[in-house]
Every structure is written in C-alpha cells, then in structure tokens.
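The values are calculated or read from the model by the stated rules, or taken from the named source; none is laboratory data. Remember, predicted model here, so these are calculated numbers, not experimental data. For neighbour counting, all protein chains shown are included, and Cβ atoms are generated from backbone atoms with ideal geometry for every residue, glycine included. When the accessible area is computed, the model is the full protein with side chains, heavy atoms only, and any ligands, DNA or RNA have been set aside. Shrake-Rupley method; radii C 1.70, N 1.55, O 1.52, S 1.80 Å.
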Amino acid sequence: APSRPLRPAGGSMSVVEHVREMAAAGLHSNVRLLSGLLLTMSGNNPELFSPSQKYQLLVYHADSLFHDKEYRNAVSKYTMALQQKKALSKTSKVRPSTGNAASTPQSQCLPSEIEVKYKMAECYTMLKQDKDAIAILDGIPSRQRTPKINMMLANLYKKAGQERSSVTSYKEVLRQCPLALDAILGLLSLSVKGAEVASMTINIIQSIPNLDWLSVWIKAYAFVHTGDNTRAINTICSLEKKSLLRDNVDLLGSLADLYFRAGDNKNSILKFEQAQMLDPYLIKGMDVYGYLLAREGRLEDVENLGCRLFNISDQHAEPWVVSGCHSFYSKRYSRALYLGAKAIQLNSNSVQALLLKGAALRNMGRVQEAIIHFREAIRLAPCRLDCYEGLIECYLASNSIREAMVMANNVYKTLGANAQTLTLLATVCLEDPVTQEKAKTLLDKALTQRPDYIKAVVKKAELLSREQKYEDGIALLRNALANQSDCVLHRILGDFLVAVNEYQEAMDQYSIALSLDPNDQKSLEGLQKMEKEESPTDATQEEDVDDMEGSGEEGDLEGSDSEAAQWADQEQWFGMQ
C-alpha cells in the first residue's frame, strides 16, 4: 500500500519530519523537490497525510520558493498553508486527539503561523505590494507581534505616510529591544524629540559598561533629523574623537553626508575617502560621493567607482546612480534617465536616484515629470537642500517664478537662515527684475556667514556682471579662490578679466579651470575665442559673462545625446513604480 512508508512503525521518522530536518539544515532545493512530490501525492490521496502534516509541507514548500526568490508563488502556497491551519484549528477543537500518539509532539513543532504571516509580508514587499504587506501584519494581534514584525510594520507605515502608527511600532520595538538603533533613527526621522527617545534607552545605558556614548549618538542624529547640520557635525566629531569609536565607518559616512548637506564638498569628499579606505566594500553613501566627484569633473574617478561598486553588488541603487552621474555629466541624458530609473526600481527610497532622474528629465525638457521626482525626493529627505534646489530649478525653467519664490521662502523658514538657504532665495530673486536689490542683500548676508560658499560667490558674480562692476567681481573671485580651487570660479574670473582686457591672465584662468575639469565646455569656448581673436569685441564679452551658472547643460539638449535611440527602447524603465 502506498501509505505504508508515510506512517512509520515504532520510533522512526515520518517523511514530513525528514522534510522538516532538511529545511532546518538549509537544504532548500531538496526540500522543494521532495515537498512538491509529497503535495501531489496528498492531492491524489487526501487520506495520506494528517491536516497538520499538510500544513507543514505547504509551509516548507513555500519557504523553499521564497529562498528561490519566487515570491508570488510562495505567497500562494503560504496562503494555502494558512487555510490548512484554519481547518486544523477547527478539527482539533472538535476532537482533541485522533488516537495517533505521534500527533501531540508533532503539533508542538508546527511552523509558527505568525512566522508564516511575516514571510508573506516579506514576499509582498519584494513584489512592491506594501498595502498587502501592511494588511497581513496588521491582522496579527499586537500582543503576538515579535520585534521584527513591529520593525517591518514601522517601516511600512512610515513609507505609506502613516506617521502615528509608525511611531507606535518603532516604540514597541524599543520596548522589546532597547538597543535597536535603527528603530531609534526611525523615531528621530519622524520628529520624535531626542530627549524622549533617549529616555527609552536610559536604563540600558546605565546598566551596561562602555555604552555612555549612546546618549551622545542619539543627540547627534536628533540634530541630523532636525536639519541642524553644524551641531550634528560637531556632535559626531566629538564621538569620533573618542578613542573607542575612532574610525567607525558609519560615523564617517554620516559626517561625509552632513558636510555635503552643509555645502562643504571638500570635507565631504575627504570623509568619504577615509570611510572607503577603512572599508573597501562600502556601498552606503557612495552615490553621493560619485555625484560630488562628477560635479568636480573627475569623470574617470566616477567611472572607476561605478565599476568597483558593480563588482560589490548590482542589487543596490548606488552603483546605478554613480554610473548615471557619469552619463549625466557627459551630457548623455537618456542613459542617465535609464540608470536612474533602474536605481529607483531597486530602491524606491533612494533620494540620489530620484534627483538624478529628475535632473535628466529636466535637461531633456520633460519638466513636469521632473517635478514629480523632486517632490518625492523632498518627501523622503525634507532636510536636504539639494532636493528643493532641483524643484526650484524646474519652476524657473518653466517660468513659474511665483511657485519658485513660495518654495524658496518656505525652505528659508523651515531650514533656517544659513548661507545655503539665503543663496537659494537670492537665486530666485535674481530671476525677477523687481527683487534684484533683495537678491543683493541676501547674497551679502550669505557671504558674511560663509565667504567661501561657492554658490553664493557665483550668484554674486552674476549680479556684478549684470551691473558691469567687473573690478568688484574680480576682487570677490580672487578672495574666494584664496583658500580653494574651483573650476567654475576660475572660469568666471577668466570672463571678468576678458571684460577688463586682461587677456593673458584670462587665458591662465581658463587653463586652470580646464585642468580642474577638462569637460568644462564654457572654459574651452572662452579659451578658443581668445586664441581666435586677440581683442574680443564688446558683443562677445556680453555673451560670455551673461550666463554664469555652472551647469550650462540646458543649451545642448538636442543632438548632444547620441545614445537616445539606443535607450529609447528601454522606456519601460522610465516610469516610477
């Protein structure tokens, strides 16, 4: 009889127990084959296995599918398993024992129903069906929720914008595991006060030696999430100086990111390099690092970084973003768009990917689509100024000066009056003839706070060139270049020197600019123009100093993209999920 090997005599193991042992041993491919065959046998002869055995087979089979990344199939098998479990609960209520002595110990090692629901939620998140994931976890009574269920729920709620529920779930994680640092970061990102979060960990800090740094760590990230970059940098530096936490890659990465947010690109690059030397497999933050290198015109370094990151993992957004930055700054916008979309597909929370895709769309003239991406970036990173800059550039590109002004004023109010927000507001004021004087006042304030802030220097130079105050401009630029070297500043200085007929020094400045960024088109044009004619006419001067902004990409939208056709058939990547 076919049923004989499935109901062993004496103390030997049943076939289901063999499946369980293989699952526990991590033999997933073996479990998948055997459980698949046994489930077919069960379908053809329902009497072959008890309801609890069928439940186990379905769960182990689903687990092996999950392991093979076949999430949709796994979900369907987990669902069948839960239905089987329901039937099992009903039958066990009616008749507690079937007379089979083995059934009692067996019921004790049944796979947990809660674990099955967690696995289903994992499948749903992989399938980008967050609503279904929330629904299945929500159905678990709160008393039965394990820390990992609360953590997953908190992250899902946060993503869905359900902030109150998210806070409750993160707090629950901390109640169960007071050293869950990512849950702490989750709470701080949802505007829970640092002091309140610290109070939830105070007992553990006092009871365990060498944990006194934790309250300072919480304080540092509270500053990060309120956008107070200066105090965040100082606090993390104080942690980093403590001998026990020196050379911590996470802290260095946070520092690099903070310097970047504060507009201090030089220190940001230094910290990223330091972190990378300590951990050659570092991926986190490398998208920002690649972007900074690309902005500085170090495209060869960007290409090398991209290749290195792809070797580490192509399942993260960062390598795709770095590669996209290389394409963007090589003016291959279609390719940058495709790579940005691929990065978003891998991680829909990647702010850098959204900014890359938004910038590519903007430069391809698809401003309305770009706006959607910048808004999503702002939602994910409300303290990052570059997200607002991208959106404001879109508004200015579509002549929506009013919207740009409203947005710049909001940023100024929410992030406070610092050199960056003052400059951003001034940038918008420069677009409107009525607010030129206001722009001047704002830029002077910004430069008083930070005389070396490049964006403020560039905008002030733009203003001086409009007023034809070239001598003032030259003094401003020489002062800014005293402690730093920047391609755009050298190029603008070259433009100003041409305007006052200092041709030889102008050529030197253009050459320095090109040595810093060999791809800087405008410096090249300046140099070529001077080589062609010894003394340029007034008309060319005007044209030269008119547009100071460093990006200068907008002019060559058409025709610059030799790869447009090649990437056109990749349109399916372009939509956001």
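Restricted to region 448-463, and to residues there that are touching a helix residue (DSSP H, G or I) at 6+ places or on another chain (Cβ under 7 Å) and more than 21 Å from Ser485 (Cβ to Cβ), the residue that is most open to solvent (accessible area, probe 1.4 Å) is Gln449.
Just one of (1) of a type in the set (Gly, Ala, Ser); (2) more than 23 Å from Glu17 (Cα to Cα); (3) modelled with pLDDT under 95 fails for Ser107. It is (2).
Of all residues in region 399-421, those that are surrounded by 15 or more Cβ atoms within 10 Å (Cβ to Cβ), more than 18 Å from Arg379 (Cβ to Cβ) and in contact (Cβ under 8 Å) with a residue 24 or more places away in the chain total 7. How many residues does region 160-183 hold that are over 22 Å from Val216 (Cα atoms) and open to solvent by less than 40 Å² (accessible area, probe 1.4 Å)? Counting residues in region 160-183 that are over 22 Å from Val216 (Cα atoms) and open to solvent by less than 40 Å² (accessible area, probe 1.4 Å) gives 2. Listed by position, the helices (runs of 4 or more DSSP H) enclosed by region 145-254 that each have at least 1 residues that are within 25 Å of Met277 (Cα to Cα) and hydroxyl-bearing (Ser, Thr, Tyr) are 213-226, 229-241. Of the residues making up region 365-374, none is open to solvent by less than 50 Å² (accessible area, probe 1.4 Å), out of contact with any Cys (no Cβ under 7 Å at 6 or more places or on another chain), among the acidic types (Asp, Glu) and under 28 Å from Gly161 (Cβ atoms).
Against the conditions (1) over 18 Å from the mean Cα position of the chain (by Cα); (2) closer than 16 Å to Asn519 by Cβ, Glu273 satisfies every one except (2). Taken together, Ile344, Ile378 contain a single residue that is open to solvent by 10 Å² or more (accessible area, probe 1.4 Å), outside any loop (DSSP other than H, G, I, E, B) and of a type in the set (Val, Ile, Thr), which is Ile378.
Regarding region 355-364, can at least one residue be identified that is farther than 22 Å from Pro518 by Cα, in contact (Cβ under 8 Å) with a residue 40 or more places away in the chain and surrounded by fewer than 24 Cβ atoms within 10 Å (Cβ to Cβ)? Yes: one or more hits.
Just one of the listed residues (Glu163, Glu196) is free of Cβ contacts under 8 Å to residues at least 12 places away in the same chain and out of contact with any Ser or Thr (no Cβ under 6 Å at 6 or more places or on another chain), and it is Glu196.
Among the candidates Ala154, Ala198, Ala160, single out the residue that is modelled with pLDDT of 95 or more and under 27 Å from the mean Cα position of the chain (by Cα).
Details: Ala198 fails: modelled with pLDDT of 95 or more; Ala160 fails: modelled with pLDDT of 95 or more.
Answer to the selection: Ala154.
Beta carbons closer than 6 Å, at least 6 apart along the sequence or on distinct chains, pair a first residue in region 422-438 that is within 15 Å of Asn409 (Cα to Cα) and open to solvent by 10 Å² or more (accessible area, probe 1.4 Å) with a second that is of a type in the set (Gly, Ala, Ser) and part of a helix (DSSP H, G or I) for Leu424/Ala408. Restricted to region 248-279, and to residues there that are touching a Lys or Arg at 6+ places or on another chain (Cβ under 7 Å) and without any contact (Cβ under 8 Å) to a residue 40 or more places away in the chain, the residue that is surrounded by the fewest Cβ atoms within 10 Å (Cβ to Cβ) is Tyr259.
Do you know which of the residues in region 18-70 that are assigned to a helix (DSSP H, G or I) and basic (Lys, Arg) is farthest from Glu115 (Cα to Cα)? Let's see the steps before the verdict.
Taking region 18-70 first, the residues assigned to a helix (DSSP H, G or I) are 18-24, 28-44, 51-67.
After this cut, where a residue has to be basic (Lys, Arg) as well, the list is 20, 32, 54.
On the way: Arg20: 15, Arg32: 19, Lys54: 17 Å.
So the residue we want is Arg32.
Regarding Ile134, is this residue under 28 Å from Lys85 (Cα atoms), crowded, with 18+ Cβ neighbours inside 10 Å and modelled with pLDDT of 95 or more? First the steps, then the outcome.
Numbers: under 28 Å from Lys85 (Cα atoms): yes; crowded, with 18+ Cβ neighbours inside 10 Å: yes; modelled with pLDDT of 95 or more: yes.
Answer is yes for this residue.
Of the helices (runs of 4 or more DSSP H) that lie entirely inside region 427-480, those containing 3 or more residues that are basic (Lys, Arg) span 436-449, 454-466.
Can you confirm whether Val302 is touching a residue at least 40 places away in the same chain (Cβ under 8 Å) and open to solvent by less than 20 Å² (accessible area, probe 1.4 Å)?
Values: touching a residue at least 40 places away in the same chain (Cβ under 8 Å): no; open to solvent by less than 20 Å² (accessible area, probe 1.4 Å): yes.
No; evaluated as a whole, the condition is false for this residue.
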